[in-house]
């Protein structure tokens, strides 16, 4: 654990970390953009997840919904990733030991794993259930897990601001 604190201190003492932490406008600007990007990520993911659950857009093929939604999701995720990293470097030693931050990162890893397994296994056979109003159980499970992970990610993200000293 000592090496994590040492590395985190080195990260936040970089010129970029110092500039962000000392600027009156940089961190709030990055945080605002981060929150807007996360809202777009979660909103777009929710649309696809609800389709996978068979709860919305049942008349539209899954591939059609995914092709319209996922470019927005990935673009917003890239923005959220960059702004999240910029916020992290400003106070890395605080984030690196913050329980909600660590839980958020763990949930993001699980969301990524869920997505990877879904795309590799279930979505690989989407042609067989693309137009079904109620996708197969594996797709519904992936959609439900995704929603749960992202609600947890947002909740943890909100808690970080209340728990950073």
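Worth pointing out:
- When the residues of the range 8-34 are filtered to those that are within 23 Å of the chain's Cα centre (by Cα), free of Cβ contacts under 8 Å to residues at least 24 places away in the same chain and farther than 15 Å from residue 91 by Cβ, the one that is surrounded by the fewest Cβ atoms within 10 Å (Cβ to Cβ) is 32.
- Residue 41 under 16 Å from residue 153 (Cα atoms) and either surrounded by 13 or more Cβ atoms within 10 Å (Cβ to Cβ) or over 22 Å from the mean Cα position of the chain (by Cα) (or both): yes
- Candidates 141, 102, filtered to the one that is assigned to a helix (DSSP H, G or I), within 30 Å of residue 2 (Cβ to Cβ) and in contact with a helix residue (DSSP H, G or I) (Cβ under 9 Å, 6 or more places away or on another chain): 102
- Of all residues making up the range 110-150, the number that are surrounded by 12 or more Cβ atoms within 10 Å (Cβ to Cβ) and within 24 Å of residue 96 (Cβ to Cβ): 5
- Restricting 96, 78, 91, 142 to those that are closer than 20 Å to residue 27 by Cα and within 16 Å of the chain's Cα centre (by Cα) reduces the list to 78.
- Helices (runs of 4 or more DSSP H) within the range 1-99 that include 3 or more residues within 17 Å of residue 111 (Cα to Cα) and touching a helix residue (DSSP H, G or I) at 6+ places or on another chain (Cβ under 9 Å): 26-52, 62-90
The numbers here are math on the coordinates, done by the rules we state, and not lab data. Since this is a predicted model, take the numbers as computed values, not measurements. Ideal geometry is used to build each Cβ from the backbone, glycine not excepted, and the neighbour counts take in all protein chains shown.
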